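The values are calculated or read from the model by the stated rules, or taken from the named source; none is laboratory data. What you are looking at is a predicted structure, and each value in this text was computed from that prediction instead of being measured. Backbone-built Cβ (ideal geometry, glycine too); neighbour counts: all protein chains shown. Calculation scope for accessible area: heavy atoms of the full protein, side chains included, ligands and nucleic acids excluded. Shrake-Rupley method; radii C 1.70, N 1.55, O 1.52, S 1.80 Å.
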Amino acid sequence: MADIPVALWLSSGLIAVASTSALILSIQRTYHHKNSTTEAGQDPSPIKYDDRRDLTVPFSDGDRIPRITLETIVLTILATYQFITIVQTANGKPEQTLDVLNAVFQLASWLYASVLVLVSRQYTLPNKWGWVLNIHLFIVYLFSFPSALFSFWNIVSSQTTISWVDALPSLLGVLFGLDLIFTTATIENGPPYLDENDKQVSRFNVASIWGFLTYGWITPLVKTANKNKTLTVDDIPSLTPEYRGRNLYYIFGSTRGRSLVYRIYRANRSGIALQISTAILASLTYYAPAYLTNRILNLIQNHSDGNGDKDIMTKGFLLVIALGITMVVLALLVGQQWFWSSSYLQIRIRAMLNIEIYRKTLRRIDQAVVSGDKKKDQDPETNKDKDKKDDDEKDVEDVSSNTGTIVNLMSTDSNRVSEFSIWWCSIFAAPTELSIGIFFLYQLLGKSCLFGLMVLIFTLPLNHYNSKRFVKVQDKLMESRDKRVGLMNEVLQGIRQIKFFAWESNWEKRIMEARNIELGHLRDVFMADVFFNLLWQGSPILVTIISFWSFTKIEGHELTAPIAFTAITVFNELRFALNILPETFTELLQALISIRRIQKYLDEPEINPPPPVDHTAPVRIGFQDATVAWKAASENTTAAMASQDGSDSGTHVESESFILRDLSIEFPPNELSLICGSTGSGKTLLMLSLLGESTLLQGQVMCPRTTVADTVSSEFKFDKDIPEEDWILERSVAYVSQTAWLQNASIRDNILFGLPHIEKRYKATLTACALDKDFTILEDGDLTEIGEKGITLSGGQKARVALARAVYSRAKIVLMDDVLSAVDAHTAKHLYEKCLLGPLMKSRTRVLITHHVKLCLNGSAYVAHIHNGRIDIIGSPADLRQTGELAIILEDEKEEEVYEKEEIEEIVAEDEAEAEESETAVQKKPKALVEDETRATGMVKWKLYKLYMSAEGGFFFWTVMVIFILGSRALEITETWWIKQWAQSYDSFALHQGLSTLFSGTPDARSTFSAASTTIMSVAETNFSTPSDFSVLSSDDKQTDYYLSIYILITMTSIIFGTGRFAVVFYGTLKASRKLYEQLLHRVLRAPLRFFDTTPVGRILNRFAKDFETVDSSVPNDMMYFCIQTLTVITVIITVTSVLPIFLIPMTIVAMVNYVYGSMFVQTSRELKRMDSVARSPIFSHFTETIVGVTTVRAFGATRQFLQEMLRLCDASTRPFFSVWTINRWVSVRFAILGASVNIFAGFIIIMSIGRMNAAVAGFCFTFILAYTDQMFWAIRRYTTLEMSFNAVERIVEFMEMEQEAPAFTDLKPPVNWPTQGKIEVQDLEVRYAADLDPVLKGLNFSVKPTEKIGVVGRTGSGKSTLALSFFRFVEASKGSIKIDNVNILHVGTEDLRGNLTIIPQDPTLFSGSIRSNMDPFDQFTDEAIFTALRRVHLLPSDNDDDIEVVGVNANVFKDLDTPVSEGGKNFSQGQRQLLCLARALLKRTKIVLMDEATASVDFRTDKAIQKTIATEFADCTILCIAHRLHTVIEYDRILVLDQGNIAEFDSPLQLITNPESSFYKMCRNSGEFESLVALAKEKHQLVDVDN
């Protein structure tokens, strides 16, 4: 083998490359042909690629083809000429056989290249196949160049004279070879693509070969960021097709039904293959620079010893160039490994999981209405037996329990799985490094290294134990984080309720308790981390000690410098390989936990798909012998149902879920049907069963439904031109939920809901839904931004906007759940006549749940009454009237229908006039209620670092921290210095090269270690080849014991300090995390309501979830590593400048170039990270919005629309995230190339100074130049990572600086038990929502006597709810005052004020937990008091009715205070939620009570009973009641009528109702219940007059 010439080795490699290229090309051709056939077939792939180019970007391939054709043919001719010449010269001589073989290989390779070039002429770029050929040509040219260079070098270095004619072929081979490599490497694959929106796509998929390897395609973005000092969304190019959500949806969806791990692999197998390949190649190439450095130093040493080669300069220069090339190749390999790991796999996996979780959300049964079921049996023994099973299945409960937990799947679990994809390839790379390291050690220490490595076996059980413990505490941390985020989500959703009841402090305490539990688990995670650090830092040192002990004490060898320093360096290198495996294993366990959680969620039950549709059959809506429930009945429930009609009627079986039984009903088509019944009787369940949102236990449900979308498109657009006659779709459904669900958009967008804007229909819809007048009040009309869940609208406005969405829709079937309860009587009448019976709805099938049976009866064709889970009355109004059953429904024998048509027409005409007036208003750009999320620019401010550091601890803490950090570094230096002393004890010669290893202990400087090891080994070997000649000390046992003992002492102390510094920073982190969270929570809870109206919950939740996860987990490690790295750089600089001043100039140049690239990198990555943080919030908001309104989305058949929006948001988030990771690769490659250039420069200086510089100094120079560049790179990387992590702190502090509402407590303390009388005085009250907005309340003046009952009425938007808010100072008076018992509320603290008033708000809010925790969240009342309150609101039968027990499966859940309440109380009806809130207010019992439409959603009988309860229970209280039902307030003392923020009337109900000119009179007339209202008013107030 040694006799084989170098030229033949090179040509053999070339022919091997050419053969491999031919084989791969044939495979690619087959694959290309197969794909082309598939695309032309019947079943094309749903994956879409770009096909349009940006022709504005100049591009031409006209120069490349002629250029490479000419040069390749010339070189082929030269190869042919060379072959002929050699064959002729050889003339059959055996010794010339190798030369002939070399010529044959060369000629064959160039003939192959010529064929590729000729084929390429048919595929001019841009062309897919042409690009493949270009890559193959580049590889052939690249591998042919060394042969040409070697041939030319032989001619140049030849001692014989060669004519230029003979030299010309070799010279042309080098020149043409360089040009061919340059031409094929720098040509791009055409101009950039354009996406479907005509936006330029990232140049990643058209980049040249060199641009792809060095990431030059992202350089324009770097330049833009540094030029403008910021980035906008438009600056970032569009994603390439392999990253787009639409394609990922189909790629990941193709394996649906398999395990999640398999699906991830299958969807990303090509990227995984590239990742593994580059990782293994990089680990194999890793020691090449060290080997070449060793060769250089050996060359210098041989020259110093007089054994030098006469061609030493030539060989030296070649070795230095080879060293530089090797470093560049290694950098490119490592860069590609990280690109495919982070910029490809991580990003795709994260997007795939997020999209799949969202897709599941659109299909999953809404657990909110089901999760109120009891999770454990009441029998403690049964619970005990089930404990283990419950623990095993806790993940199932976790992922279903609440919105916050589901959001965590997307925010945390998908991130964890995707981040693990970066590291997992270490499983293949680490063993390779271990093998090489052990080989080196065996060469140095022999069997002793095996003794040392055996020590690792003893650390494995400790590692295993800690790994299991780590996974367990990490699992607990995730669980506690889920609960805390879920709790925080509930608080943000119910913030109004919390503020109304002045519960901020109590909830703050409750959340901090959850946070403290989480921090307790985080502390356990940190302790496990510290123990890992102890093991991972201590294991290599322990191995070193045992190996040295065996080597010196057992084998009796001398621990010389070459052995000692090299062994330590290799052991340090082994630390990476040894540590990465357990770390990867730990990350694997965490990722598996997250995969299991996501898998559990994806495996949850879905709604049943609609049955096949027979389009020829008529549309039927109803039930046939059906039994439905919120979820599938258990065996107990089924048994109870079966025995329902049996003899054992006394047996009471409590159901797990509310059930409607024996449903046989069919709603007439094209008519209005009514569903009525008492509160909690099952009306909503009946309607949702039509939509397929419940479980069908038996029978059949008949109602058209739209299948949940399973296809997406990049060109998805709504039809813009729909003929009026085709507008209504026969089998389409619209649904209006009881609690209006609205999107965070404008009113118009909510009504259109993706449909085209048809002006005529749109205006008719607004008129029908009585929204015209509201738009004249709202500054921006229908373009007004309404905030999250329509928070800025009143309850009536929200209900009417939701109704308008259904009216405008194309649905033939409209299902409405109690839409009339949220509006006043006049508006209800208008909605009934102009909307439900109006021209837009009259030809549709309408099913309405309502308590307003009297109002709607005339226009209805069908009535169904539900009682306790059964339909007990059913039929047309006429039939029911004849049978007398209608009287049971109406409770009165005679229906009131008196109203004045003229007045209604007058009011309608007035509305129309106002609408016309509003049309002529000047259109201007609407104000955005929800502003785009802001992001900081430039560097992270020093004040943020200062704030965080002060939160971690004071002077003493930081003193300890500095001692540990400096001490750890000092001990690392001392450890290496002591080895030097030990080695010198055998030898009198001072080994200066040992200094170089003092600074090679930084964890990140991997390349430094390898170079240092080989350098020092070679220098030491050459300088101390005969140590006995210089021996000055004996190597006796005492000598060895002395040095070994001190070494053990130093290393043990170093381990303590190295571990201690992390323990200290973790301690400070826990303190800072608790303090920052407490401050942010306090600031958010004390923020004004306007903040919550204008800030999406997802944006706020993002701070408490993702940002605090970063603060908890990333910031401490990033801070510590930055400090360690900075200290290492400083020590390197100090040493180099003090010991070797000659290298000050190159180091300065390196520093300047590093600074330029580093600053560009920091600026760009910082901006991209901020954009990534901002782009995440809309995903969470959209996801949360979908979870809440998924029933409405499915009912409307809008799942495709929402899925498309999710894909768009995912793409918007992926763009900056992709760029963040790619920019890391961009800078790392440039730093590596810079490092290689510096080493070449230094190598040239050393080689040229070979006569004046020995190997020791040369080795020292190489070590530190390499270390300096490497350490500078990692210092900048660590600084960037720290800045990115501190972006989370920046976002948290942004919210900590928000405006706060008035103080909770002031110096003016109200009197004890204030208010004692309940007297109210309102003087000149003017209220604005913002300084630049018109007043909502305009100079109100009225007074209320103690214990007086005031009814507040008025049209929707007249200011009723604003008046209520003013009493609680949620909106501050811009003028005037409110006095309660002569105390101006402006001077009272908000908590004192709100704590002494009671409000029963319009939107009932319940929190997850139990009935007890909702009624008495802070344990202030007895169970008996709670039961009494529940009886008073008729949720429980009164004491007189205690003997009546409900038999069957639908038992009264309010009898058990431990009955679970799901998030938002969704397992109760709207009416039940209102009654629970009313009962909660009854417990509070303050002197002044405000009721904001508190009983709007309960049936009339219950409402009447509750009014009697209120009259009794609140007899000594002052009541202000905002009501839509005039029956609710007709018996009050006085009525306050508001109109557009002014007081229209304020008098007794009898005075107003008997005055035909009053607004109240008109309201009563329009209610349809005028006579009964007059009778009640007379009965109440004439009796009062008589009494007076």
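Subtracting the Cα-Cα distance of ASN858 and LYS760 from their residue separation scaled by 0.36 nm leaves 32.4 nm.
Rolling a 1.4 Å probe over the protein chains gives SER341 an accessible area of about 0 Å². Working from label points 7 Å from Cα in the Cα-to-Cβ sense, the LEU729 to MET702 distance is 2.2 nm. The phi-based Karplus calculation (6.51 cos²θ - 1.76 cosθ + 1.60; θ = phi - 60°) puts the 3J(HN,Hα) values of region 1377-1390 at 7, 10, 10, 10, 6, 6, 10, 5, 5, 5, 8, 9, x, 4 Hz, whole numbers, x for Gly and Pro. Note on GLU513 and GLN599: the model spin-label points, each 7 Å out from Cα along the C-beta direction, lie 3.6 nm apart.
Separation of region 49-103 from region 747-773 is 71 Å, based on Cα centroids.
Accessible area per residue for region 1266-1409, computed on protein heavy atoms with a 1.4 Å probe, is 36 Å². The convex hull of the Cα atoms of region 1262-1393, projected and averaged over all directions, covers 14.2 nm².
Would you kindly state how much longer the chain becomes between ARG256 and GLN1420 on full extension, computed as 0.36 nm times their sequence separation minus their alpha carbon distance, in nm to one decimal?
413.9 nm
Remark on ARG53: its backbone amide H falls under 5 Å from those of LEU194, a criterion applied only to residues 5 or more positions apart or on other chains, H modelled at 1.01 Å from N. Computed from phi, the 3J(HN,Hα) profile of region 249-264 under the Karplus parametrisation 6.51, -1.76, 1.60 (θ = phi - 60°) reads 4, 6, 4, 6, x, 5, 10, 4, x, 8, 5, 5, 4, 4, 4, 5 Hz, with x in place of Gly and Pro.
A 1.4 Å probe run over the protein chains yields, for region 1051-1100, 30 Å² of accessible area per residue, whole-number rounding. Annotation: amide H-H contacts under 5 Å for GLU666 (H modelled 1.01 Å from N, sequence separation of 5 or more, or interchain): PHE623. Once all protein chains are placed together, GLU972 keeps about 40 Å² accessible to a 1.4 angstrom probe.
Suppose R0 equals 22 Å; then what is the FRET efficiency for PHE317 and ILE1149 from their Cβ-Cβ distance, rounded to the nearest 0.05?
Approximately 0.60, to the nearest 0.05.
As a fraction of the 1.4 Å probe accessible area of region 431-501, surface on carbon and sulfur atoms comes out at 71 percent. In region 674-737, what percent of the accessible surface is made up of carbon and sulfur (1.4 Å probe, ligands and nucleic acids excluded)? Of all accessible area on region 674-737, carbon and sulfur atoms account for 46 percent. Near THR1347, the amide H atoms lying under 5 Å from its own belong to THR1518; only residues 5 or more places off or on other chains count, and H is placed 1.01 Å from N.
In plain terms, the chain from ILE963 to ARG469 could stretch by 174.8 nm, reckoned as 0.36 nm per residue minus the Cα-Cα distance.
For SER60 and LEU23, FRET efficiency with R0 = 30 Å and r from the beta-carbon atoms, rounded to 0.05? The pair LEU23/SER60 has a calculated efficiency of 0.40. For region 215-314, carbon and sulfur atoms together expose 54% of the accessible surface, with a 1.4 angstrom probe and every protein chain in place. Computed from the C-beta positions of VAL100 and ARG269, the FRET efficiency with R₀ = 56 Å rounds to 0.80.
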